[in-house]
Amino acid sequence: MDIFTKYNRKGIQDRQIDTLIGISKGIQADGHVNQAEAEFLLTWLQQSRQASDNPVVVNLLGKVSRMLEDGVLDNEESKELLSILCKISGEPTAVGEVAKTSI
């Protein structure tokens, strides 16, 4: 762990969660997780894991890695990943309402 990461761990983890919530909302916008989206998420999680040991990132990385270990995100895995991302990003909100997240 480099010195920047050591002394900025909380800020890094907070930023990771904010980014993950945004990525989750973007991926689930059409109600489906496709192969490219899952691969993008996996890459982001791998890069983020190098910067911190955030348990949300670590656990989601393990889950997405297992889903894509055969190189294909099948329909069942897509639905499961969509469900996970919905839990991360929170309940849908009405226009003008403050966003609700679960993390």
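The values are calculated or read from the model by the stated rules, or taken from the named source; none is laboratory data. Model, not experiment: these values are computed from the prediction. Cβ coordinates were reconstructed from backbone atoms using ideal geometry, including for glycine residues, and neighbour counts include every protein chain displayed.
Which one of these is out of contact with any Phe, Trp or Tyr (no Cβ under 7 Å at 6 or more places or on another chain) and modelled with pLDDT under 85: Gly96, Gly71?
Testing whether each residue is out of contact with any Phe, Trp or Tyr (no Cβ under 7 Å at 6 or more places or on another chain) and modelled with pLDDT under 85 leaves just Gly96.
Which of the residues belonging to region 28-84 are surrounded by 18 or more Cβ atoms within 10 Å (Cβ to Cβ), small (Gly, Ala, Ser) and either in contact (Cβ under 8 Å) with a residue 40 or more places away in the chain or touching a strand residue (DSSP E or B) at 6+ places or on another chain (Cβ under 8 Å) (or both)?
Ala38, Ala51, Ser52
If you check Ser24, Ser78, which single one turns out to be modelled with pLDDT of 85 or more and touching a Cys at 6+ places or on another chain (Cβ under 9 Å)?
The match here is Ser24.
I need every pair where a residue in region 6-27 that is under 14 Å from Val56 (Cβ atoms) has its Cβ under 7 Å from the Cβ of a residue that is loosely packed, with under 15 Cβ neighbours inside 10 Å, sequence separation at least 6 or different chains.
Ile12/Thr5; Ile17/Ile103; Ile21/Ile103
Let's see how each residue does on (1) of a type in the set (A, V, I, L, M); (2) outside any helix (DSSP H, G or I):
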{"site": "Ile17", "(1), (2)": "yes, no"}
{"site": "Leu20", "(1), (2)": "yes, no"}
{"site": "Asp30", "(1), (2)": "no, yes"}
{"site": "Ala38", "(1), (2)": "yes, no"}
{"site": "Leu41", "(1), (2)": "yes, no"}
{"site": "Gln47", "(1), (2)": "no, no"}
{"site": "Val57", "(1), (2)": "yes, no"}
{"site": "Leu60", "(1), (2)": "yes, no"}
{"site": "Ile88", "(1), (2)": "yes, no"}
